[in-house]
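Throughout, read-outs are computed from the coordinates displayed, never taken from laboratory work. The structure presented is a predicted model; accordingly, all values stated were derived computationally and were not measured. No Cβ is skipped: glycine too gets one built from the backbone with ideal geometry, and neighbour counts run over all protein chains shown.
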Amino acid sequence: MRISYRAHGGALDYWQRRWDGVAVDSGEINLNRYPGLYAERTINATRPDGPVLEAGCGAGRVLRHYHERGVPIIGMDFIASVLAAIKGEDPGIPLTAGDITKLPFPDESFSAVLAFGLYHGLENHLEDAMADTRRILKPGGLLCASMRLDNLQNRVTDNMAEGAMAEGPRRFHKLNLTSGEFKTLVGDAGFEVLNVNYVENMSFLYKYSILRHASQRVFQESAARGAGYRFNLAGNALQRLAMTMMPAQMANLAVITARAV
Ligand SMILES: C[S@@+](CC[C@H](N)C(=O)[O-])C[C@H]1O[C@@H](n2cnc3c(N)ncnc32)[C@H](O)[C@@H]1O
């Protein structure tokens, strides 16, 4: 396990500032890319015997997509203001403020948990968070979760970030796990791991605007998060080559799907 550091005031401060500057997402997500692709597979494989939880729902792109399609889904996040902003757009959407390390739900109350970009933000209590996720799932329920990988992609990204940061104190930013460490974490909490996928979210190559799609040359976070981070022809060729040759090293994330046993 490796830890990434940044010049911010810690996890809560980072997410508060991040969501303060971003509009609520629409429910328009790309189902061919992370996270839509994995959310869709999980929702399609979920038994309809309980609601779905999106843990760490953020600005609501996944949550709103499934809520608008009639899936019984509840959003949870520890940033109350982003939940209030979602409620402002859609007063009927079920939302709960809470922390993944101590979930405010009874045992065995969900048939699936979606958790994209959540667990690697935990400075402490990662194992407790995974155990609590298992606790609220019905036996046979599904977990679909992503984890920042300990690999070349994220080491380069962290080095670029370090180079761009002003002098001053650094605080915990993200955990980075190898896919083996991630599998062990999930397995030890009482899950059977069904599959692991190496996923590109935002490659460090995307940071070079010359490699970005014309529609995303000027970076607009909400649009890019909905449509996916898109390259132009040259960017695509480079990223495809790198992913084909070294998927475990060039992916940003591992996505695990696992069944509660
Ligand atoms: C990478 S964002 C992902 C948002 C959303 N799942 C998506 O894919 O668009 C991670 C989210 O987890 C939330 N989060 C981080 N730590 C948390 C914690 N300990 N408990 C609950 N939510 C947390 C953050 O506020 C943020 O909204």
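Which residue out of F110, F105, F191 is of a type outside the set (A, V, I, L, M) and either under 18 Å from the mean Cα position of the chain (by Cα) or within 14 Å of the ligand (Cβ to nearest atom) (or both)?
F105
Being touching a strand residue (DSSP E or B) at 6+ places or on another chain (Cβ under 6 Å), buried (at least 21 other Cβ atoms within 10 Å of the Cβ) and more than 19 Å from L142 (Cα to Cα) is the requirement here; does L53 meet it?
Answer is no for this residue.
For R64, state whether it is surrounded by fewer than 21 Cβ atoms within 10 Å (Cβ to Cβ), part of a helix (DSSP H, G or I), among the charged types (D, E, K, R) and touching a residue at least 24 places away in the same chain (Cβ under 8 Å).
No; evaluated as a whole, the condition is false for this residue.
In the list R47, R41, which residue meets the criterion of being more than 11 Å from the ligand (Cβ to nearest atom), in a loop (DSSP other than H, G, I, E, B) and not β-branched (V, I, T)?
None of the others qualify; the one that does is R47.
Within the stretch 67-86, restricting attention to residues that are part of a helix (DSSP H, G or I) and among the β-branched types (V, I, T), which residue is nearest to the ligand (Cβ to nearest atom)?
Taking the candidates together, the pick is V82.
This table checks each residue for (1) farther than 25 Å from D25 by Cβ; (2) over 22 Å from the mean Cα position of the chain (by Cα).
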| site | (1), (2) |
| --- | --- |
| K174 | no, no |
| S179 | yes, no |
| V186 | yes, no |
| S222 | no, no |
| N232 | no, yes |
| Q239 | no, no |
| T244 | yes, yes |
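Give the number of residues within the stretch 113-149 that are in a strand (DSSP E or B), away from the ligand (no atom under 13 Å from the Cβ) and surrounded by 19 or more Cβ atoms within 10 Å (Cβ to Cβ).
Total meeting the criteria: 5.
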